[in-house]
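See structure below.
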Amino acid sequence: MSSLRPLALCVLLSLVACGKDAPGGASPGSAKAKPAKAAVVPAKKAAPNPHAAVVARESDQPLPPLVASAPGKFDLTIDGVLSHYERLPPGQNRSIALTDRDIARVTIAAAETETGTPHMRLTLENLRPDQLQYPVTLSGETKPDGDHPKTVSARYQVNDNRVYVNKPGDGPPFSVTLLGYEDAKLSGTFEGTVEATKAGAGAPLSISGVFEVKLGLRNVAPNVGADTRPSAPGKAPEAKAPGGEAQPPL
């Protein structure tokens, strides 16, 4: 028995020296300990944006269409070059009369495209198309008409930095000739010279044009000589005899 102990001890030492597992499990220090995995904490979900759906919905909606152009045409010639202006903004083609504020004005305007420029506008002050005798020519210079001189203003805009205007009474002549007015449609021509409002924006321009535009009306009759006064409430129209004479009330 005593001879077997040294033999068993030698075998055990050989196994340890070769790095093999000792009987019954792993030898001490033979394997490195694996680090423990960190616990995964689920990230908190962001609170939903209550406006996100609304914003997405609004961005998907198409832009509102432009208001249809007023019926008519507007041709503009600048330094001999003719252009057909397709856009006639209804809000800028109007005739208004405000007796309580002593205002009577006609504006006629057009743009070459839907973008809004180039843009041409005529403003006729102190006149009503339903109270004129046609044809009539109005000058850019002030002309006395009782206490209310009629004036003509012209404004041609290429872009935000290039604007040309006439100078009533202090510049080259500019005139508008009104040819007729019927069913709220005003027709006419214009010609003259406009100058840049800023120095260095360019030389004066010679312009002329032809228009026939249906106007939006406020306190203005659609035809010449028509009465725009409202009838008295409850008052019946005056009856007339066959011969044209007024009949006495019954």
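Descriptive notes on the structure:
- When each of Lys73/Lys198; Lys150/Lys185; Lys150/Lys214 is checked by Cα-Cα distance, pairs over 24 Å: Lys73/Lys198
- Per-peptide packing, taken as the mean over residues of other Cβ atoms within 10 Å, places 78-87, 177-186 in the sequence 177-186, 78-87 from highest down.
- Amide H within-cut-off set for Lys185, under 5 Å, with H built and near neighbours excluded: Leu215
- Alpha-carbon radius of gyration plus Dmax, which is the widest Cα pair, for the stretch 83-122 in Å: 12.5, 40
Coordinate-derived values only; no laboratory data. Since the model is a prediction, treat every value here as computed from it, not as a measurement. Cβ atoms come from the backbone with ideal geometry, glycine included; neighbour counts cover every protein chain shown.
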